[in-house]
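Have a look at the structure below before the remarks.
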Amino acid sequence: MINFKTLAEFISHFHSEEVCREYFEKVRFANGDFCPHCKHNKIHRFSDGKRYRCASCKRDFTIKTGTLFGESKLPMQKWFIAIYLLTTRKKGISSIELAEQVGVSQKTAWFMDHRIREALKQGKGKLSGIVEVDETYLGGKHRRSSGFKKKTPVMGMTERGGKIKAYHVPSRETHIIHGQLKKHINKDKTHLMSDEAQVYKKLLKLGYQRSAVKHGKGTYVRGIVHTNSIESFWALFKRQYHGTHHSMSKKHVQRYIDEIVFRFNNRENDMADIFADVVTRVSKRGKMSYKRLTA
């Protein structure tokens, strides 16, 4: 079993392109060989170890074909290092620093970043138990009397002591917030904790069990009623936002959110398990072109 706790140990294990390629092949063909073009389950391997040919459609392909790596000409080892750095750095890593660490241009590092983030999308399961909900806002310098129209709203939901979900939302309008709760919360098995915002007051009529803390009156904890867990996550989120990226465009903000949520939800897991999970995700998601990313 692979085990590593430092970048030095990681690089020592994945010391060559051949080792990286063999690891990725085991992950991708874990359930048996298949052609990424026609899905036929019989393929032929070329002697160079780099190419395959489908026994049915006769098309050639590499281990990267049909994955988020696409037909990237970058060595597999550089992709692996990028995955390791992106998923283990507590505050994330900027494309500028990634370029320096991996040895590629900043443009290439930015593209690598976003392709890996695409593999970190949050799952569809619903949260339950005691779930804290809250929103934060990105961008802008001051809260104006007109509200947060120039800011990017992000809604978060976390099981107390468990996993978190967070999504960019277009606004804090009632139908949007309630729609997110319906999509991601198991109403019959959840006790919601929120602040006193008007948007949450209507939840009782919709059948939700809900308690609120009144921050406006200086109350932050009342027995089990508090939103400390989600607020702690926002503190971590803002540290990465301000300390690493400085800004996140609305177009790509969900990918940044997915990255931060993934790292938070895996904070107690072993590094080798985290890496294996991400590589598996990369192998199962289709390619992403630079043109599509920047369109």
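The values are calculated or read from the model by the stated rules, or taken from the named source; none is laboratory data. This structure is a prediction, so every number in the text was calculated from the model and none was measured. Positions of Cβ are generated from backbone atoms using ideal geometry, with glycine treated the same way; all protein chains shown enter the neighbour counts.
A few points about this structure:
- Within the range 63-110, restricting attention to residues that are over 29 Å from ARG51 (Cβ atoms), part of a loop (DSSP other than H, G, I, E, B) and of a type outside the set (Val, Ile, Thr), the residue that is farthest from the chain's Cα centre (by Cα) is SER94.
- The residues listed here are ALA82, ALA99; of these, the one that is without any contact (Cβ under 8 Å) to a residue 24 or more places away in the chain, under 23 Å from MET248 (Cβ atoms) and assigned by TED's automatic domain parsing to the domain that holds SER12 is ALA99.
Yes/no matrix, rows are residues, columns are (1) over 12 Å from the mean Cα position of the chain (by Cα); (2) of a type in the set (Lys, Arg); (3) within 18 Å of ILE93 (Cβ to Cβ):
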{"residue": "LYS251", "(1), (2), (3)": "yes, yes, no"}
{"residue": "ILE260", "(1), (2), (3)": "no, no, yes"}
{"residue": "PHE264", "(1), (2), (3)": "no, no, yes"}
{"residue": "ASP273", "(1), (2), (3)": "yes, no, no"}
{"residue": "VAL279", "(1), (2), (3)": "yes, no, yes"}
{"residue": "LYS284", "(1), (2), (3)": "yes, yes, no"}
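- Residue check for ARG292: among the charged types (D, E, K, R), assigned to a helix (DSSP H, G or I), in contact with a Lys or Arg (Cβ under 8 Å, 6 or more places away or on another chain) and not assigned by TED's automatic domain parsing to the domain that holds ILE164: no
- Of all residues making up the range 250-290, the number that are among the small types (Gly, Ala, Ser) and out of contact with any Ser or Thr (no Cβ under 9 Å at 6 or more places or on another chain): 3
- Close pairs from the range 164-182: first touching a residue at least 60 places away in the same chain (Cβ under 8 Å) and surrounded by 16 or more Cβ atoms within 10 Å (Cβ to Cβ), partner hydroxyl-bearing (Ser, Thr, Tyr) and not in a loop (DSSP other than H, G, I, E, B), Cβ under 8 Å, at least 6 apart: ILE164/THR158; LYS165/THR158; HIS168/THR152
- The set of residues in the range 217-263 that are in a loop (DSSP other than H, G, I, E, B), touching a residue at least 24 places away in the same chain (Cβ under 8 Å) and among the charged types (D, E, K, R) contains only LYS250.
- Odd one out for PHE111, checked against (1) crowded, with 18+ Cβ neighbours inside 10 Å; (2) of a type outside the set (S, T, N, Q); (3) modelled with pLDDT under 90: (3)
Rundown of residues vs (1) surrounded by 15 or more Cβ atoms within 10 Å (Cβ to Cβ); (2) of a type in the set (Ser, Thr, Tyr); (3) closer than 24 Å to MET288 by Cα, yes/no style:
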position: TYR23; (1), (2), (3): yes, yes, yes
position: ASN41; (1), (2), (3): no, no, no
position: PHE46; (1), (2), (3): no, no, no
position: LYS50; (1), (2), (3): no, no, yes
position: THR62; (1), (2), (3): yes, yes, yes
position: LYS73; (1), (2), (3): no, no, yes
position: GLN77; (1), (2), (3): yes, no, yes
position: ALA82; (1), (2), (3): yes, no, yes
